[in-house]
Amino acid sequence: MDVTAILSLPPAVPGRLAVVLCDGAAPPHDLLSACLAQADLFVCTDGAGRPYDHLPRLPDLVVGDFDTLGEPPRRRDIRFEHDPDQDTTDGEKAVARAVADGCRRVLLLGADGGHLDHALANLALPERFAHACDVVLVNDRGVTRRLPPAENWSLDLPMGTTVSLAPIGGRVKGVTLLGVRWPLRGADLDWGGPSAAGNRVTAPPVRLRCDAGSLLVTVRAQAS
């Protein structure tokens with residue numbers, strides 16, 4: 001199963017879709033193309049994607065504090081929005097802008113390379129914007145998405161697919177993970193252990209739930 005197939009898995013969130021390209025490790029051209037084929041809005045952060053013409057599609061907006069980009073290039077086909085606020089990262093600025101534009105789904109690419117501090121900040125965005133949109137982190141190795149409390153997921157994943165869980169912001173109670181080699185039934189997870197990484201699908205569909213708190217669920221793409 002490739003990344004684009006994982007992105008099509010339920011549960012789907014209705015509404016406009018934004019693709020946000022961060023200034024980390026650049027995603028493969030075909031992955032970015034597949035994501036942009038679904039997008040209503042394309043936002044680049046600061047220096048991400050420059051000089052833009054090589055991208056599958058020109059960004060609708062470039063937003064950030066421009067500490068990397070510097071003086072924006074003079075072009076009429078892209079809108080540049082300078083936001084000097086130092087209390088928010090460029091990734092957070094871009095997601096907030098997508099929400100303000102009416103998007104309820106955000107695919108975040110280029111979010112996991114370059115600087116560890118920015119990568120950690122980007123991992124917090126699914127929880128930070130949980131009230132407003134569904135933020136999914138995407139790279140060529142898989143996707144990471146937030147599982148909210150009291151929501152049941154059923155994922156039809158191929159045998160052998162790697163699934164990992166990580167608690168966000170403290171203890172997560174009543175975690176159920178079935179259809180995998182090491183199932184969980186009403187377990188509690190907390191940051192720092194016990195580990196719930198690197199599980200393997202053995203009996204799809206995979207069933208997921210937590211009663212309190214929220215989890216980051218990572219589904220790793222299998223090599224084609």
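The values are calculated or read from the model by the stated rules, or taken from the named source; none is laboratory data. In this text the structure is predicted, and so the values were computed from the model without any measurement. Neighbour counts run over all protein chains shown; Cβ positions are idealised from the backbone, glycine included. Remember, those area values only see protein heavy atoms, side chains included, never the ligands or the DNA or RNA. Shrake-Rupley method; radii C 1.70, N 1.55, O 1.52, S 1.80 Å.
Taking the chain as a Gaussian network, where each spring joins two C-alpha atoms under 10 Å apart, which residue of Asp83, Asp140, Asp53 fluctuates the most? Of Asp83, Asp140, Asp53, the most mobile in the Gaussian network model is Asp53. Here the spin labels are modelled as points 7 Å beyond Cα on the Cα-Cβ line, and at Ala197 and Leu116 they lie 1.2 nm apart.
Given a Förster radius of 30 Å and the C-beta distance between Ala25 and Ser154 as r, what FRET efficiency does 1/(1 + (r/R0)^6) yield to the nearest 0.05? Kindly include the intermediate steps, with their values, before the conclusion.
Working: r = 31 Å, r/R0 = 1.05.
For R0 = 30 Å, the calculated efficiency reads 0.45.
Value of Rg to Rh for the stretch 36-82, rounded to two decimals, is 0.94; Kirkwood radius and Rg both from alpha-carbon coordinates. Between Thr176 and Asp85, the simple spin-label model (points 7 angstrom out along Cα→Cβ) gives 3.9 nm. With a cut-off of 14 Å on the backbone N, the residues of the stretch 184-224 near the modelled label site 7 Å out from Ala130 along Cα-Cβ are 189-191, 209-217. Looking at the stretch 123-194, the chymotrypsin sites (Phe, Trp or Tyr not before Pro) that sit in a DSSP loop and have at most 16 other Cβ atoms within 10 Å of their own Cβ are Trp191.
Take His115: with every protein chain present and a 1.4 Å probe, its accessible area is about 120 Å². The Cβ shell under 14 Å around Leu69 holds other residues with a net charge of -3, Lys and Arg each +1, Asp and Glu each -1.
Rounded to the nearest angstrom and listed largest first, the equivalent-ellipsoid semi-axes of the stretch 105-146 from its Cα gyration tensor are 17, 12, 7. Our coupling estimate for the stretch 40-46, obtained by passing each phi through the Karplus curve with A = 6.51, B = -1.76, C = 1.60 and θ = phi - 60°, is 8, 8, 10, 10, 10, 9, 6 Hz, Gly and Pro reported as x.
Counting protein heavy atoms only, the chain has 51 percent of its accessible area on carbon and sulfur, 1.4 angstrom probe. Overall shape of the chain was characterised from the C-alpha gyration tensor. The equivalent ellipsoid obtained from it has semi-axes of 32, 18, 15 Å, in decreasing order.
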